[in-house]
1. Would you mind telling me which numbered condition in (1) within 18 Å of THR153 (Cβ to Cβ); (2) in contact with a Pro (Cβ under 7 Å, 6 or more places away or on another chain) THR15 fails?
2. So for the range 131-150 (the condition being within 28 Å of ILE19 (Cβ to Cβ) and surrounded by fewer than 16 Cβ atoms within 10 Å (Cβ to Cβ)), does at least one residue qualify?
3. Determine which single condition LEU274 fails, assuming it passes every other condition in (1) surrounded by fewer than 20 Cβ atoms within 10 Å (Cβ to Cβ); (2) free of Cβ contacts under 8 Å to residues at least 60 places away in the same chain.
4. What are the pairs with Cβ atoms under 9 angstrom where one residue, in the range 170-182, is among the aromatic types (Phe, Trp, Tyr) and the other, located anywhere, is surrounded by 15 or more Cβ atoms within 10 Å (Cβ to Cβ)? Sequence gap at least six, or different chains.
5. I need the full set of residues from the range 349-373 which are part of a helix (DSSP H, G or I), basic (Lys, Arg) and more than 23 Å from THR305 (Cα to Cα), in order please.
6. Enumerate the pairs (first residue in the range 223-248 and acidic (Asp, Glu); second residue anywhere and part of a loop (DSSP other than H, G, I, E, B) and modelled with pLDDT of 90 or more) with beta-carbon separation below 9 Å, excluding pairs fewer than 6 apart on the same chain, so at least 6 apart or on different chains.
7. So which residues in the range 357-384 are within 20 Å of VAL431 (Cα to Cα), of a type in the set (A, V, I, L, M, F, W, C) and surrounded by fewer than 20 Cβ atoms within 10 Å (Cβ to Cβ)?
8. Kindly list the number of the only condition in (1) touching a helix residue (DSSP H, G or I) at 6+ places or on another chain (Cβ under 7 Å); (2) farther than 24 Å from GLN256 by Cα; (3) surrounded by fewer than 16 Cβ atoms within 10 Å (Cβ to Cβ); (4) of a type in the set (Gly, Ala, Ser) that fails for ALA423.
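The values are calculated or read from the model by the stated rules, or taken from the named source; none is laboratory data. A quick note: this is a predicted structure, and the numbers were derived from the prediction, not measured. Note: ideal-geometry Cβ built from the backbone for every residue, glycine included; neighbour counts use all protein chains shown.
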Amino acid sequence: MTADHEPTPPPTDETHAAIDAVWRIESARVIAGLTRMVHDVGLAEELAQDALVAALEQWPQTGVPRNPGAWLMAIAKRRAIDRFRRQERLDRKHQEIARDLETELNSGVEDEALLEEQIEDDLLRLMFVSCHPVLSTEARVALTLKLLGGLTTPEIARAFLASESTVAQRIVRAKRTLADAQVPFEVPGRDELPARLDSVLEVIYLIFNEGYSATAGDDWLRPEMCAEALRLGRILAGLMPDEAEVHGLVALMEIQASRTAARRGPNGEAILLLDQDRSRWDQLMIRRGLDALERAEDLAAEPGTYTMQAAIAACHARAARAEDTDWERIASLYGLLAAKQPSPIVELNRAVALSMARGPAAGLAVVDAIRDEPSLRNYHLLPSVRGDFLAHLGRFDEARAEFEQAAELTRNQAERDLLNSRAESCANGVVPER
């Protein structure tokens, strides 16, 4: 057997790491550009994966090219041309696509500014397609992480504690749904934009929240998920610089993520906000968040819900010590947020702020008013918050029962440990630290 036909050796660890890094950076741009050309997000992802396989085969021998994104795109275009030409019955549409691809591939060096502008347009379109309301929330999250985050199916499955087959089926169904619904690869028009943008922001924030406060598993938080949501948010802010709520969401995520290092103890145990060592908060992220908040407030005559939540987070970020927190302002902001977006969870947060500003009895009155809300029936933070108020009022037996109920409801082991510890404190007649 000649050297030309010998199997390609597996990439070295160093090359593999380089390819993985390139894929995370460039995959969304490649998929976005291909989707514009072939008008099918599922096919675009397949072609991009073909290009990745080619990179795994060739780069260990040739090295990583100077412009890896352009290399991947060129290979993917060639694969697309080959695929369309192999079909026994080429319809006119595919002939035109193949011809356009070949023309673009052979056009030589393009104007870099125009090319970059085109890539940005394609990325924005891909965000709106991945987060299209025709898809379920779970499908939007999975597809966004796959196409825009460059995560593998196993990585997405691990992040959400789901089986790989479930996530794979979710992604396949999402792409089929988009194809069947003939969702156009475009930025929504002015009339559709607010609702469609809300969907994009919701998906990014859901990804962030799963990292910030994991709903299940052993980990209190998953910083890599927060980082991915922040990356997507920053990209969106760059693509839509005049949309106030985009900056509001980025501000909220930056400020919340700034506390990551202070939220876990040496053994991974959860540390609540008021007990955190604020010297461990990331001041650079706080400054970025405050800058984004200022921009959001400047852009909108009336703040949106993400901007309001960012303003609340900013109250904590500006307080050098927990006792310096402006709880009256936070309670007021939650009141404005509740008026704009009525929600029992917002009311629960307002209750906490009121208890800090005016005492536990004020908070308990608000909590008891929403105690029978059906949407809070299995929400562990309701008995957790109520238990805290009762403990500070000296009603330890009731407080212990609330903490025990909260521990049973949560699916996160670190949070369960914390709640059981608080129940034990109440059993001993000791007020748990906030």
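1. Result: THR15 fails condition (1) only.
2. no
3. (2)
4. From the range 170-182, no pairs qualify.
5. ARG358
6. GLU245/ALA300; GLU245/PRO303; GLU245/GLY304
7. Within the range 357-384, ALA357, ALA361, ALA362, ALA365, LEU381 meet the criteria.
8. Evaluating ALA423 over (1) touching a helix residue (DSSP H, G or I) at 6+ places or on another chain (Cβ under 7 Å); (2) farther than 24 Å from GLN256 by Cα; (3) surrounded by fewer than 16 Cβ atoms within 10 Å (Cβ to Cβ); (4) of a type in the set (Gly, Ala, Ser) leaves (3) as the failure.
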